[in-house]
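Novice: Sharing a structure, written as structure tokens. Questions coming.
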Amino acid sequence: MTRSNDVLLAVEACGICGTDIEEWCEGPIAIPAARVRGDAAKPLTLGHEFCGRVIDAGSEARFEVGELVAVEVNIPCGECPACHDDRTNNCPFTVALGLQDDGGLAEYVVAPASSCVAVDGSVDPRVLAFAEPLAVGVHALSRVTLRESDDVAVFGAGAVGVLLALLLRRRGNRVVVVESSMKRRDLARQLGFEVTDPQFSEQDESTRSRFDVCFEATGNPHAVKAAIKVTREGGKVVLLGVGTRDLGLSAWNLVEGEISLIASKSHTMKDFAQAVDNLVSGAIDVTSLPLGEFRLEDAVVAFEGARSHPDAYLKRMMVSPSVAQRDE
């Protein structure tokens, strides 16, 4: 540690995100190219969905050795207009652990104390590691005003989409999950959601203008267009899926139907703390979600599996030996 407000953590669990796979296969994308290329290049450790136990703390870090903490990986500058407006997720100078600095796919990681949320030591780290993707859903919900009577669709049944659907159901909304993968549709159905294929928007006119709000959690341009097509006049489409492809949208359908297209980027510390609370309290239960657990030394095999069989598990997660031994 180099700063007095840092904590050194022994990583207990760290999820693999689709962003990690993209960076590994096609990057650098969000990772600064200068960090990993050229004469000054040095390795960067991925992993931005993690938790760990404090094994050392700087003089200004108010944490005790042994405390279990979840880590909000986005570290804003604290000085720009976005930060002053409490829109830290829009800070242009944000450093994200696992993307712009070393992350949690490691035995140890350093994090600012201000980014850590302490929880009871008995909490399963595998549950706590869902805080980051759940916070993405929490922030997306904060971007719209929802009525309990609103019909809602979630496009995409990956980790973020499923967690968002769980949040919506807890609010009391009727939720339909739209997913092209049969395996993911089956999982959503097992969780009690009404499920359909994205092609439903093309099948007949009765499916059009069906939903008050659609959340698009894939980043796929075809899914974005389908979401717009099935949103009622005056409704909203929230984009939280990350994609680099051009959407190729016509403004006509949006203007004609007065459909609001709303972007939702990542999350704030407030969103993250709310996600942690939902997980610790059991308000959002992730214990039945299919995990593919692996040890740190098997990370490359896990990444290969996530690339070649992305639907085999909802989440692949690195767990420490002490966490793995709990089930033995």
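The values are calculated or read from the model by the stated rules, or taken from the named source; none is laboratory data. This is a predicted model, so every value here is computed, not measured. No Cβ is skipped: glycine too gets one built from the backbone with ideal geometry, and neighbour counts run over all protein chains shown. Remember, those area values only see protein heavy atoms, side chains included, never the ligands or the DNA or RNA. Shrake-Rupley method; radii C 1.70, N 1.55, O 1.52, S 1.80 Å.
Novice: Under a 1.4 angstrom probe, counting protein chains only, how are Ser59, Ser180 ranked by accessible area, largest first?
Specialist: Result, largest first: Ser59, Ser180.
Novice: Mind giving me the FRET efficiency for Val123 and Ser180? R0 is 35 Å, r the Cβ-Cβ distance, nearest 0.05 is fine.
Specialist: 0.55
Novice: Let me ask something additional. Which of Pro133, Gly241, Ser209 sits closest to the plus end of the dipole of the chain, meaning its Cα is farthest towards the positive end, when Lys and Arg get +1 and Asp and Glu get -1 on the C-beta?
Specialist: Ser209
Novice: Take the alpha carbon gyration tensor of the stretch 1-143, find the square roots of its eigenvalues, order them as a ≥ b ≥ c, and report rounded if a/c is under 1.5; if not, report prolate when a/b exceeds b/c, else oblate.
Specialist: Numbers: a/c = 1.30, a/b = 1.20, b/c = 1.09.
Rounded is the answer for the stretch 1-143, as its axis ratio a/c remains below 1.5.
Novice: Under the rule of -39500 (n - 2.57) per DSSP H run of 4 or more residues, summed and divided by the residues of the chain, what mean residue ellipticity at 222 nm is obtained, to the nearest 500 deg cm²/dmol?
Specialist: Mean residue ellipticity at 222 nm (helix-derived): -8000 deg cm²/dmol.
Novice: Karplus couplings for the stretch 108-113 from phi (6.51 cos²θ - 1.76 cosθ + 1.60, θ = phi - 60°), rounded to Hz, Gly and Pro as x?
Specialist: My calculation for the stretch 108-113 gives 9, 8, 9, 9, x, 4 Hz in order.
Novice: P(r) tail for the stretch 197-326, what percent of Cα pairs lie past 23 Å?
Specialist: 54
Novice: Quick one: which residues, 5 or more positions from Ile262 or on another chain, have an amide H under 5 Å from its amide H? H modelled 1.01 Å from N in the peptide plane, none for Pro or chain starts.
Specialist: Val237, Val238, Leu239
Novice: Between Glu233 and Arg171, what's the calculated FRET efficiency when r is the beta-carbon distance and R0 is 25 Å? Round to 0.05. The partial results should precede the final answer.
Specialist: On the way: r = 23 Å, r/R0 = 0.93.
Efficiency for this residue pair is about 0.60.
Novice: For Cα pairs less than 8 Å apart in space and 6+ apart in sequence, what is the mean separation divided by the residue count of the stretch 17-80, i.e. the relative contact order in percent?
Specialist: It rounds to 22 percent for the stretch 17-80.
Novice: I would also like to ask the following. Normalising by the residue count of the stretch 71-148, find the relative contact order in percent from Cα pairs under 8 Å and 6+ residues apart.
Specialist: Reported relative contact order: 27 percent.
Novice: Can you give the accessible area of Met182, probe radius 1.4 Å, in Å² rounded to 10?
Specialist: Roll a 1.4 Å probe over it and Met182 shows about 130 Å².
Novice: Right, here's the next one. Run the simple label-point estimate for Ala324 and Asn5 please: 7 Å along Cα→C-beta, distance reported in nm.
Specialist: Calculated label separation equals 3.6 nm.
Novice: Where the accessible area of the chain is counted over protein heavy atoms with a 1.4 Å probe, how much of it, in %, is carbon and sulfur?
Specialist: Carbon and sulfur together cover 48 percent of it.
Novice: May I ask which of Lys225/Lys315; Lys229/Lys270; Lys236/Lys270 have a Cα-Cα span longer than 29 Å here?
Specialist: Lys229/Lys270
Novice: When only the heavy atoms of the protein chains count and the probe is 1.4 Å, how do Trp252, Trp24 rank by accessible area, highest first?
Specialist: Descending accessible area places them as Trp252, Trp24.
Novice: While we're here: Percent relative contact order of the chain, based on C-alpha pairs within less than 8 angstrom and at least six residues apart? Can you show the working numbers first?
Specialist: Working: 670 pairs, mean separation 60.1, N = 328.
For the chain, the relative contact order is 18 percent.
Novice: Please give the helix 131-142 orientation as an angle from the longest Cα principal axis of the chain, in degrees from 0 to 90, rounded to the nearest 10.
Specialist: Result, in degrees: 40.
Novice: Relative to the first principal axis of the alpha-carbon coordinates of the chain, what is the inclination of helix 299-308, with its axis defined by its Cα atoms, in degrees from 0 to 90 and to the nearest 10?
Specialist: Taking Cα atoms only, the helix is inclined about 10 degrees.
Novice: So how do Asp6, Asp101 rank on accessible area, 1.4 Å probe, biggest first, that is with the largest at the start?
Specialist: Largest accessible area first, the list is Asp101, Asp6.
Novice: Pull up the cross-link candidates among the aspartates and glutamates for Lys183, meaning alpha carbon to alpha carbon under 18 Å and not fewer than 8 places away within one chain.
Specialist: Leaving aside aspartates and glutamates fewer than 8 places away in the same chain, those within reach of Lys183 are Glu194, Asp197, Asp311.
Novice: Right, next: Along the Cα→Cβ direction, 7 angstrom out, place labels at Asp298 and Glu22. What is the inter-label distance in nm?
Specialist: 2.8
Novice: In Å², what does the accessible area per residue of the chain work out to with a 1.4 Å probe?
Specialist: Accessible surface, normalised per residue, equals 48 Å².
Novice: Still on this structure: For Leu146 and His222, calculate 0.36 nm times their separation in residues minus their Cα-Cα distance, and state this gained length in nm to one decimal.
Specialist: Details: separation 76, 0.36 × 76 = 27.36 nm, distance 2.48 nm.
Fully extending the segment from Leu146 to His222 adds 24.9 nm.
Novice: Under a 5 Å amide H to amide H cut-off, with H placed in plane at 1.01 Å, what residues pair with Ile55 once short-range neighbours are removed?
Specialist: Leu8, Leu9, Ala10, Gly66
Novice: Could you please tell me the mean projected area of the C-alpha convex hull for the stretch 34-92, averaged over all directions and given in square nanometres to one decimal?
Specialist: Averaged projected area of the stretch 34-92's Cα convex hull equals 6.3 nm².
Novice: Output wanted: per-residue J couplings in Hz (rounded whole) for the stretch 116-127, from phi through Karplus 6.51 cos²θ - 1.76 cosθ + 1.60, θ = phi - 60°, x for Gly and Pro.
Specialist: Coupling constants for the stretch 116-127: 9, 10, 7, 10, 4, x, 7, 5, 5, x, 5, 6 Hz.
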